[in-house]
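Each reported figure results from applying straightforward, stated rules to the coordinates on display, with no laboratory input. Note that the structure is a prediction, hence the values are computed from the model and not measured. No Cβ is skipped: glycine too gets one built from the backbone with ideal geometry, and neighbour counts run over all protein chains shown.
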Amino acid sequence: QRNQLNLRFMATSLQNLSDYDSSNFIDISDKRFGLVVAEWNREITDVLSAGAYETLLKHGALDKNIYRNTVPGSFELTLGAQLLAQHEEIDAVICLGVVIQGETKHDDYINHAVAQGITHVGLKYNKPVIFGLVTTNTLEQAWDRAGGKHGNKGVEAAVAAIQMLGF
Ligand code: RBF
């Protein structure tokens, strides 16, 4: 299954979408990254996670410096982020989740809570805590943002982390 996910990632996510300019990226070979990945909509969050992970490696991060953790759902991303960010050795945290609109307003509550929560964690610990939450009306729209026609938001989240480390 991992190979399939990797193939899907390689086949689609870095071709022409999620384009970015890496010419001014700083050296991140000594930076430590926390990845927090929600297990709801796991098939999709796995692809976001692979995108973020591969992007960090591609730009010089070391595998041993990437700490990947899962949380049950996106609502838990905030605490997951805090548990990582509180460690002095962690330089940046990347939060990844997929929240799909349903019949009730749960998505609104979750999205606002995560946006506020991880903003708070970033300001409290003075380090980048990246908002990699895909919030869509349908699963298809989420796939479009996980290696589909709108790129891979996991790649973009990793790029944002690298850029903020160079700020
Ligand atoms: N978590 C997600 O990451 N994505 C979702 O689309 C999502 N939908 C949910 C819908 C409902 C009605 C509920 C109650 C929870 C949902 N969650 C979702 C889980 C949520 O983020 C959290 O894990 C749980 O509410 C436990 O705190």
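List of remarks:
- Verdict on Asp63 being more than 11 Å from the ligand (Cβ to nearest atom), in contact with a strand residue (DSSP E or B) (Cβ under 8 Å, 6 or more places away or on another chain) and among the charged types (D, E, K, R): no
- Selection from region 121-151 of residues that are crowded, with 18+ Cβ neighbours inside 10 Å and within 11 Å of the ligand (Cβ to nearest atom): Leu133, Val134, Thr135, Thr136, Ala142
- Taken over region 66-79, the residue count meeting the criterion of being away from the ligand (no atom under 11 Å from the Cβ) and crowded, with 18+ Cβ neighbours inside 10 Å is 1.
The rows are residues; the columns are (1) in contact (Cβ under 8 Å) with a residue 60 or more places away in the chain; (2) over 18 Å from Glu39 (Cα atoms).
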position: Gly122; (1), (2): no, yes
position: Asp144; (1), (2): no, yes
position: Gly154; (1), (2): yes, no
position: Gln163; (1), (2): yes, yes
position: Phe167; (1), (2): no, yes
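- Of all the listed residues (Ile94, Ile44, Ile26, Ile90), the sole one being surrounded by 23 or more Cβ atoms within 10 Å (Cβ to Cβ), away from the ligand (no atom under 14 Å from the Cβ) and not small (Gly, Ala, Ser) is Ile94.
- Region 103-120 residues that are away from the ligand (no atom under 12 Å from the Cβ), paired with ones that are part of a loop (DSSP other than H, G, I, E, B) and of a type in the set (D, E, K, R) (beta carbon under 8 Å, 6 or more apart): none
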